[in-house]
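Heads up: the structure comes next, in structure tokens.
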2 protein chains.
Amino acid sequence: MTFSFALREPSAIVDFMSTETDAVAAADLELISHELCPYVHRAAIVLREKGVPYRIRYIDLKAKPPWFLAVSPRGKVPVLVAGGVPIFESAVIVEYLDETHPPHIVPASPLERARHRAWAEIVSDLLVQQWKLMVAASAADRETARRNVVDLLQRFEPEVRGPWFAGDALGIVDVAIAPAFFRFDYLDRWWNLGLYEGLPNVGAWRDRLVARPSVRETVIDGFEEKLRAYVAQL
Amino acid sequence: MTFSFALREPSAIVDFMSTETDAVAAADLELISHELCPYVHRAAIVLREKGVPYRIRYIDLKAKPPWFLAVSPRGKVPVLVAGGVPIFESAVIVEYLDETHPPHIVPASPLERARHRAWAEIVSDLLVQQWKLMVAASAADRETARRNVVDLLQRFEPEVRGPWFAGDALGIVDVAIAPAFFRFDYLDRWWNLGLYEGLPNVGAWRDRLVARPSVRETVIDGFEEKLRAYVAQL
């Protein structure tokens, strides 16, 4: 993909912080991505669920181009470039997309919102443990990470209302966890992790999420082989 | 302080997810805290800035009571118990308090909101490095953490509009970073870290934030001695 947006200077970004810019942002979205990144996957799922057109641009995180470091203060993906303005952090991108593209997946009630946002944060712990599973240098390290994953999934078991986390509508916890479930399927197939034993609610939730087109169809072709090659060199 | 709120069962929490519960939550707030925690400090600053009455309850994180683990899935503070319903994660608590207690410190524009939320997330990296400064086992480790702190502060330098992060009104980035600045003052006094050299915008911002009553007056009495004793045993 070509590098097709013009970066604004910080002072210009400040000047453009207006409702008009938000309208521009809605019209022109580019998602800066790494091919395998679960955090990018969250943004892509929301874009697909809402039917919002966007371009995607992949970068090599081992050789980050200077323009990328200028738009991503943490040097991480995803970055969503909205009308020329970079937005970073996956949870922030998800809320931005939800605010600018109704119908909303963030609930209207402040208390319910807080519950969803907090459980979406807990998913971040799950992704940290998924990463530790992938980089484990020994069987003992892998078993520790596996147990931590199961501990976290157990906390979700009584919280899942079904069919989605919060009931009938897909929400931000579903979006947050779907990339984790999707990747666990491969790790589980390779290493027989038995993550969902004794967790019927989480297991059924996982089944529904990984079957969802917005989850399956927003990863690159040949995902499993690329993930396997990536994990092998970690 | 006494343990004075009744915990609801998870199923009851679900049933109470309504506008009425939000009204109850606004009326009865208890902040579960650790005496020195910067994340709790954020919630306390927002409560003070908004003039919202609340109770505070301190717990010993080295001997977490079972009732605490039942309301805090990550075993972390802060937890805000709002009308009997626990809310966790400091950023989530800040947004909840802002949504339920106008005037709002989260901006109305989605793009501006996203910018504030993302920079508030970067403050979390700063708090991680502050922690590494405190637990450093050697002069070399401390110097590494110090350099990482300075690198992060440098990223803020061109972003601070003044007098506060985003201009004339205190916002969520100010709330997020104030506890970090407040604690750096002590670490700097003990260890002469020179964190703000060559950073006039960040330095002036820090001066204003640590002088703000909502920041200074929401920590325990004898904070410096307690922080020093805590750091000594890390």
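Per residue, the solvent-accessible area of chain A (1.4 Å probe, heavy atoms of protein chains only, all protein chains present) comes to 43 Å². Computed over chain A, the per-residue total of -39500 (n - 2.57) for DSSP H runs of n ≥ 4 gives a 222 nm mean residue ellipticity of -18000 deg cm²/dmol, rounded to 500. Residue-normalised convex hull volume from the C-alpha trace of region B:122-185: 72 Å³ per residue.
In terms of its Cα atoms, the protein assembly as shown spans 57, 52, 48 Å along the principal axes, sorted from long to short.
Neighbours of A:Ala136 by Cβ distance under 13 Å: Lys/Arg scored +1, Asp/Glu scored -1, total +2. Taking Cα atoms, how many degrees apart are the long axis of helix A:139-156 and the longest axis of chain A, rounded to 10 and kept between 0 and 90? Once rounded, one gets 80 degrees. When you restrict to C-alpha pairs under 8 Å that are six or more residues apart and normalise by the size of chain A, the relative contact order lands at 21 percent.
Restrict the search to region B:105-202; then list the GluC sites (Glu not before Pro) that DSSP places in a loop and that have at most 15 other Cβ atoms within 10 Å of their Cβ. Show your work: numbers first, answer last.
On the way: sites: B:Glu112, B:Glu121, B:Glu143, B:Glu159, B:Glu197; in loops: B:Glu159, B:Glu197.
Here the sparse-neighbourhood loop sites are B:Glu197.
Which residue fluctuates the most in chain B, going by a Gaussian network model with Cα springs under 10 Å, if the choices are B:Ala178, B:Ala44, B:Ala120? Answer for the Gaussian network model of chain B: B:Ala120. Remark: label point of A:Asp28 defined 7 Å out from Cα along the Cα-Cβ vector; separations to the same position in other copies 5.3 nm, ascending.
May I ask you to give the percent of accessible area on the protein assembly as shown that is carbon plus sulfur, with a probe radius of 1.4 Å?
Values: 10700 of 20000 Å².
The computed percentage sits at 53.
Extension gain for the segment B:Asp221 to B:Lys50, taken as residue separation times 0.36 nm less the Cα-Cα distance, is 59.4 nm to one decimal. Among the protein heavy atoms, those of A:His34 account for about 40 Å² of accessible surface (1.4 Å probe, every chain in place).
Report the antiparallel proportion of the DSSP beta bridges in chain A as a percent, rounded to a multiple of 5. DSSP beta bridges in chain A are roughly 70 percent antiparallel. Each copy carries a label point for B:Tyr186 at 7 Å from Cα along the beta-carbon vector; from one copy to the others these points are 4.6 nm apart, nearest first. Of the trypsin sites (Lys or Arg not before Pro) found in region B:149-199, none is in coil by DSSP with at most 11 other Cβ atoms within 10 Å of its Cβ. Buried surface between chains B and A: roughly 3100 Å² of accessible area, summed over both sides, computed with a 1.4 Å probe on protein heavy atoms only.
Measuring with a 1.4 angstrom probe and ignoring ligands and nucleic acids, A:Lys132 comes out at about 100 Å² accessible.
Placing dummy labels 7 Å off each Cα toward the beta-carbon, the span from B:Val135 to A:Lys132 is 1.2 nm.
Within the protein assembly as shown, how many lysine pairs that are 8 or more places apart, or on different chains, have C-alpha atoms less than 14 Å apart?
Value for the protein assembly as shown: 4.
Per the Debye calculation on chain B with a single equal scatterer at every Cα and no solvent contribution, log₁₀ I(q)/I(0) for q = 0.10, 0.15, 0.17 Å⁻¹ amounts to -0.49, -1.07, -1.32. Accessible area ranking (1.4 Å probe, heavy atoms, ligands and nucleic acids excluded), largest first, for A:Arg48, A:Arg212: A:Arg48, A:Arg212.
For the pair region B:135-187 / region A:52-74, the C-alpha centres are spaced 25 Å from each other.
The values are calculated or read from the model by the stated rules, or taken from the named source; none is laboratory data. Source: prediction; values computed, not measured. Counting neighbours? That spans all protein chains shown, and the Cβs are built from the backbone with ideal geometry, glycine included. These accessible areas exclude ligands, DNA and RNA; they are computed on the full protein's heavy atoms, side chains included. Shrake-Rupley method; radii C 1.70, N 1.55, O 1.52, S 1.80 Å.
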